[in-house]
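Undergrad: Take a look at the following structure, please.
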Amino acid sequence: MLIVHVHVHVKPEAIEAFKQATLENARASVQESGIARFDVIQDMQDPAHFILVEVYRDAESPAKHKETAHYARWRDAVVNMMAAPRASEKFTNIYPPDSGW
């Protein structure tokens, strides 16, 4: 499993539009066979800070995800909503072991 945390800081006036576009992308993303989870979380102390927690079944799935139409729509829709470029961190799971997601 590959877990990616994507940190996104959006412009305060774009928070609701970002949430709408990101939820649409997340709902489509979890339909992909290579994605086990796709969580969208919002910082309680800084509502303009979001983290996308993307859990992929294998190392090839992130590239496949970026080839989808829904990802391209999201990317193009939110680019001007961001206060700073998004940043990502990659992790591997230790526990629980692969539960067949």
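Readers should treat all values here as calculations from the given coordinates under stated rules, not as data from a laboratory. Nothing here was measured: the structure is a model prediction, and the numbers come from that model. All Cβ positions, glycine included, derive from the backbone under ideal geometry; neighbour counts span all protein chains shown.
Undergrad: Suppose we filter segment 10-41 for residues that are within 16 Å of residue 88 (Cβ to Cβ), touching a Lys or Arg at 6+ places or on another chain (Cβ under 8 Å) and either part of a strand (DSSP E or B) or among the charged types (D, E, K, R) (or both); how many remain?
TA: 2
Undergrad: Let me ask something else. Regarding residue 77, is this residue part of a helix (DSSP H, G or I), farther than 29 Å from residue 95 by Cα and more than 12 Å from the chain's Cα centre (by Cα)?
TA: On the way: part of a helix (DSSP H, G or I): yes; farther than 29 Å from residue 95 by Cα: yes; more than 12 Å from the chain's Cα centre (by Cα): yes.
It is true that residue 77 is part of a helix (DSSP H, G or I), farther than 29 Å from residue 95 by Cα and more than 12 Å from the chain's Cα centre (by Cα).
Undergrad: Which pairs have Cβ atoms under 6 Å, sit 6 or more apart or on different chains, and link a residue in segment 1-24 that is farther than 11 Å from residue 42 by Cα to one that is part of a strand (DSSP E or B) and among the hydroxyl-bearing types (Ser, Thr, Tyr)?
TA: 2/56; 4/88; 6/88
Undergrad: Applying the selection to segment 53-68, what residues are assigned to a helix (DSSP H, G or I) and farther than 16 Å from residue 5 by Cα?
TA: Taking segment 53-68 first, the residues assigned to a helix (DSSP H, G or I) are 61-65.
Hit for segment 53-68 is 64, nothing else.
Undergrad: Name, by its number, the condition in (1) surrounded by fewer than 16 Cβ atoms within 10 Å (Cβ to Cβ); (2) within 10 Å of the chain's Cα centre (by Cα) that does not hold for residue 45.
TA: It fails just one condition, (2).
Undergrad: Which count do you get for residues in segment 80-101 that are assigned to a loop (DSSP other than H, G, I, E, B) and either exposed (fewer than 10 other Cβ atoms within 10 Å of the Cβ) or not charged (D, E, K, R) (or both)?
TA: Qualifying residue count, segment 80-101: 13.
Undergrad: So residue 71 passes all but one of these: (1) in a helix (DSSP H, G or I); (2) among the aromatic types (Phe, Trp, Tyr); (3) loosely packed, with under 11 Cβ neighbours inside 10 Å. Which condition number does it fail?
TA: Condition (3) is where residue 71 drops out.
Undergrad: So which of 59, 14, 63 is over 9 Å from the mean Cα position of the chain (by Cα), among the small types (Gly, Ala, Ser) and surrounded by 15 or more Cβ atoms within 10 Å (Cβ to Cβ)? Walk me through how you get there before you give the answer.
TA: Numbers: 59 fails: surrounded by 15 or more Cβ atoms within 10 Å (Cβ to Cβ); 63 fails: surrounded by 15 or more Cβ atoms within 10 Å (Cβ to Cβ).
Only one candidate qualifies: 14.
Undergrad: Are there any pairs with C-beta distances below 6 angstrom linking a residue in segment 72-94 that is more than 19 Å from residue 60 (Cα to Cα) to a residue that is part of a helix (DSSP H, G or I), with the two at least 6 apart or on different chains, and if so which?
TA: Pairs found: 74/21; 74/25; 77/21; 78/18; 78/21; 81/14; 81/18.
Undergrad: To continue, here is another question. Mind listing whichever residues of segment 25-41 are surrounded by fewer than 16 Cβ atoms within 10 Å (Cβ to Cβ) and in contact (Cβ under 8 Å) with a residue 12 or more places away in the chain? Can you show your working first?
TA: We begin by selecting, within segment 25-41, every residue surrounded by fewer than 16 Cβ atoms within 10 Å (Cβ to Cβ); these are 27, 30-31, 33, 37, 39, 41.
Scanning segment 25-41 gives 33, 37, 39, 41.
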